[in-house]
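Written out below as structure tokens is the structure these notes cover.
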Amino acid sequence: MAEARSAVSEPRVDRLEEGRNAKEDFLLGLRAHVIRRFFRIRNSIKNGMWPTNLWNLVFVVAALSIILITDWSFAQPIISWLHWLEACLHIPADWPLLVRSFLSSFVAGFIFFIVLLYIRRYTLRILLSYRGWMYEQPKTQSPSTILWGLLVKLVSGSHPSLYGCQQSLPRQPVPPLKETLKKLIHSLKPLYGEKSEMIEDLKKESKEFQRTLGPKLQRILHLKSWWSQNYVTDFWEKYVYLMGRTPLPVNSNYYIMDQSFFNPCKDQVTRTANVLYQVMLVKQKIDREQLEPLLIRNTIPVCMGSYDRAFSTTRVPGLEIDDLVQYKSSESKHIIVNRKGIMYKLEMFDSGRKLMSVEDLQKQLHWIMNDAEKHQASHSDTEKSLPALTGIDRTEWATLRLKHFNTGVNADSLSCVERALFHCVLGDEVNEDFSSRAKYLLVADGKSIWFDKSFTVLSSRDGRFGVNCEHSFADAPIMGHILEHNLTHEAVHGLFAGPIDLSQCDLDSLHDTKNNSGSLIAKPERLIWDVSDSLSHSVNLAHKTMLQAMNDIDLRVEGYFNYGKGFMKTCKVSPDAYIQLALQITYFKNAGKHCLTYESSMTRLYLMGRTETVRSLTLEAAEFVKAYFDKTVPASEKIKLLRKASEVHARMYKDCMNGMGIDRHLFALYVVSKGLDYVRFHCLPCMSLAKDLIM
């Protein structure tokens, strides 16, 4: 029935561009498809051959052919083997020597190439499993670590593509069960005391767990680590993110701020157009895999598996679990621009399938701003507040989505919103200090950010920008790396284009003329919504919920400029450990007690690794904090305790990077136990998970 009603109502058909016909559309579409397929096939072949390359095969075939033709005496064993291979292939003896030599050399070279490929790939995987380098300072590395680095360089291929190193990355190991439980109890000693009754009870429970259920769960995780890319990541994404029912803003989504002080342009449209263009350039590099993998110390690659999910991805709400959906490139060539609550579909490519220039993007954004002013009165406040629905409880949003956005014009507009490459909000605010800028990027006005989208670019009237990111598809370093390209280009090279002279630009005729590349640009499409009384009531409640959440936020961001990591390093203290100990001092000073502290470390040295928990509160940190406030302790002793606590923290951080943390292991044990329906399983993993959630 819904389809019938849509058929008899006014259909939404895009205007055909003047001068275009079906044949031209077909040829352009075919050309774009062939180009996409070419890049995909080329990249898949290149990734499949890494760390070798095609020149290895060419060199071997050429060398064997020369040996056969010249018939050198010192190469008789090789020549005999090649003649045997020629007989096995049944190559006619009356064929020319050159042809016979090439065929047998090609087959032999291809076999050698495949063997070499797998030898190098698995050798590199074994080499990358070595972690001793991380525990040594770069300037004082042992001879064995230097030799290891040279071997990695020798075995590795040159200039891998974005995903070229993926097959050579080691799998994340499952830590020993006994060590995990031992570390867990040790991490709780600063809270309860080393010989408290709680610690003694935990030790008894640990022994009981290791004697009964623990080994079985551990074996299941070992089996999973053999056949899955990562034994914990899929659990983490599903049960921590997608199955979470709490609202995304504040609880899950995070923000990334612009440069602290540098602002290359105070014109909002100019800066935004340059940012959008630069982000799209990075997107094209990701699609073509021209972005090289990140290397630690210019040697050790990290996993790049989440980069392709940054664009055209939406977290779709579900009644029990959300679904992370990534749309095809052919379905997603536009972004959504929100100006004063009115959403526009903005195509990022012209009629020739080329990325629009910065100048064209500026004109498009100016047109959107002018059009939004004209239609302010025709759009109700409720319609302008629709994105607030993405900021409420996930089950409630899923129910409303099924009820109000499943058919008709709302389904069309929602599909356009969710299939977008990303979103952009042209805000009308000016936030001078760090705190107000951070809060704006976190929640905006409570009704502008579509929190389900992978990321949203938010620009202010003074030209500053930032992003709000959904968390399930990837962690912050991925988005930070993507934005770093833009920030670096602006700082080093400046903007791609400056402000345009609107007096020389007729925005009304913008979409009836060709751009500099000779192609037409599509007119931005204003999205229309059918807001019933029932939906209006739900939207108003959602907006009130968002306003309440905004009022509950107590966020303060300060810049500290007296000294930085340079000074900390001169003190021979890890800057990260220094900051973590400062946080422990501050909390103890205000609360009068310690708390279990969460710091995140990456595990991207392993295939599809994400994060691990660093429990920053250690016995050494607690001892230093206690001495810090004790005036009877001399300064030299405090410095000694500071360095000791710092060394312990730095080693623990490296252990977590190397897959030897405890929280992800305990979490995976908990998930497996629940999956096997061990309802009586109530000991250590459950307690650890609960404490992490409290933090």
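The values are calculated or read from the model by the stated rules, or taken from the named source; none is laboratory data. Just so we're clear, the structure is a prediction, and the values are computed from it rather than from any experiment. Quick reminder, even Gly has a Cβ in these numbers, built from the backbone with ideal geometry, and neighbours come from all protein chains shown.
Okay, here's what the table says:
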{"quantity": "Spans of helices (runs of 4 or more DSSP H) in segment 1-96 with at least 1 residues farther than 30 Å from Ser168 by Cβ, at pLDDT below 65 and polar (S, T, N, Q)", "calculated": "2-8"}
{"quantity": "Positions within segment 313-338 being surrounded by fewer than 23 Cβ atoms within 10 Å (Cβ to Cβ) and either within 16 Å of the chain's Cα centre (by Cα) or of a type in the set (Lys, Arg) (or both), in sequence order", "calculated": "Leu324, Val325, Gln326, Lys328, Lys333"}
{"quantity": "Checking Trp367 against (1) in contact with a Leu (Cβ under 6 Å, 6 or more places away or on another chain); (2) free of Cβ contacts under 8 Å to residues at least 24 places away in the same chain, the condition it does not meet", "calculated": "(2)"}
{"quantity": "Only one of Leu128, Leu188 that is in the same structural domain as Ile220 (by TED's automatic domain parsing) and surrounded by 17 or more Cβ atoms within 10 Å (Cβ to Cβ)", "calculated": "Leu188"}
{"quantity": "Residues of segment 572-599 classified as farther than 11 Å from Pro190 by Cα and free of Cβ contacts under 8 Å to residues at least 60 places away in the same chain, total", "calculated": "14"}
{"quantity": "Count of segment 226-235 residues which are part of a helix (DSSP H, G or I) and either crowded, with 19+ Cβ neighbours inside 10 Å or in contact with an Asp or Glu (Cβ under 9 Å, 6 or more places away or on another chain) (or both)", "calculated": "2"}
{"quantity": "Any chance Leu154 is farther than 17 Å from Ala63 by Cβ, of a type in the set (A, V, I, L, M) and crowded, with 16+ Cβ neighbours inside 10 Å", "calculated": "no"}
{"quantity": "Residues of segment 449-493 satisfying the condition of being out of contact with any strand residue (DSSP E or B) (no Cβ under 9 Å at 6 or more places or on another chain) and of a type in the set (Ser, Thr, Tyr)", "calculated": "Thr488"}
{"quantity": "Leading residue by the ranking (modelled with the lowest pLDDT) among those in segment 643-695 that are part of a loop (DSSP other than H, G, I, E, B) and farther than 19 Å from Leu213 by Cβ", "calculated": "Met695"}
{"quantity": "Filter result (of a type in the set (Ser, Thr, Tyr), surrounded by 13 or more Cβ atoms within 10 Å (Cβ to Cβ) and either in contact with a strand residue (DSSP E or B) (Cβ under 9 Å, 6 or more places away or on another chain) or not in a helix (DSSP H, G or I) (or both)) within segment 614-642", "calculated": "Ser616, Thr618"}
{"quantity": "From Leu458, Leu426, residue being closer than 27 Å to Lys544 by Cβ, touching a Lys or Arg at 6+ places or on another chain (Cβ under 7 Å) and not small (Gly, Ala, Ser)", "calculated": "Leu426"}
{"quantity": "Among residues of segment 411-427, those that are part of a loop (DSSP other than H, G, I, E, B) and touching a helix residue (DSSP H, G or I) at 6+ places or on another chain (Cβ under 9 Å), counted", "calculated": "4"}
{"quantity": "Segment 131-151 - residue that is crowded, with 17+ Cβ neighbours inside 10 Å and within 28 Å of the chain's Cα centre (by Cα) and, of those, nearest to Met602 (Cα to Cα)", "calculated": "Met134"}
{"quantity": "Exclusive hit being in a helix (DSSP H, G or I) and in the same structural domain as Glu331 (by TED's automatic domain parsing), set Thr456, Thr399", "calculated": "Thr399"}
{"quantity": "Number of positions in segment 529-556 that are at pLDDT 95 or above and over 24 Å from Arg394 (Cα atoms)", "calculated": "0"}
{"quantity": "All strands (runs of 3 or more DSSP E) inside segment 296-356 with 1 or more residues being touching a Ser or Thr at 6+ places or on another chain (Cβ under 7 Å), in contact (Cβ under 8 Å) with a residue 40 or more places away in the chain and of a type in the set (A, V, I, L, M)", "calculated": "323-326"}
{"quantity": "Any hit, segment 326-334, residues being over 21 Å from Leu426 (Cβ atoms) and basic (Lys, Arg)", "calculated": "yes"}
{"quantity": "Any hit, segment 420-437, residues being under 15 Å from Trp529 (Cβ atoms) and not polar (S, T, N, Q)", "calculated": "no"}
{"quantity": "Number of the exception - Leu346 against (1) under 26 Å from Ser413 (Cβ atoms); (2) over 22 Å from the mean Cα position of the chain (by Cα); (3) surrounded by fewer than 19 Cβ atoms within 10 Å (Cβ to Cβ)", "calculated": "(3)"}
{"quantity": "Conditions (1) in a loop (DSSP other than H, G, I, E, B); (2) modelled with pLDDT of 95 or more; (3) of a type outside the set (A, V, I, L, M): number failed by Asn468", "calculated": "(1)"}
{"quantity": "Where a residue in segment 140-156 is assigned by TED's automatic domain parsing to the domain that holds Leu127 and free of Cβ contacts under 8 Å to residues at least 24 places away in the same chain and its partner, wherever it lies, is surrounded by fewer than 16 Cβ atoms within 10 Å (Cβ to Cβ) and assigned to a helix (DSSP H, G or I), with Cβ under 6 Å and at least six apart", "calculated": "Thr145/Gly132"}
{"quantity": "Close pairs (7 angstrom Cβ cut-off, 6 or more residues apart or separate chains): over 18 Å from Phe473 (Cβ atoms) and assigned by TED's automatic domain parsing to the domain that holds Val671 in segment 222-247, hydrophobic (A, V, I, L, M, F, W, C) and part of a loop (DSSP other than H, G, I, E, B) anywhere", "calculated": "His222/Val174; Ser225/Val174; Tyr231/Val174"}
{"quantity": "Residue match in segment 585-601 (condition: out of contact with any strand residue (DSSP E or B) (no Cβ under 8 Å at 6 or more places or on another chain), part of a loop (DSSP other than H, G, I, E, B) and at pLDDT 95 or above)", "calculated": "no"}
{"quantity": "Candidate set from segment 371-389 (those that are touching a helix residue (DSSP H, G or I) at 6+ places or on another chain (Cβ under 6 Å) and surrounded by fewer than 23 Cβ atoms within 10 Å (Cβ to Cβ)); member that is farthest from Phe451 (Cα to Cα)", "calculated": "Thr382"}
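Yes/no per residue for (1) touching a residue at least 24 places away in the same chain (Cβ under 8 Å); (2) touching a His at 6+ places or on another chain (Cβ under 9 Å); (3) surrounded by 12 or more Cβ atoms within 10 Å (Cβ to Cβ):
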position: Thr488; (1), (2), (3): no, no, no
position: Gly494; (1), (2), (3): yes, no, yes
position: Asp533; (1), (2), (3): no, no, no
position: Ser538; (1), (2), (3): yes, yes, yes
position: Asn562; (1), (2), (3): no, no, no
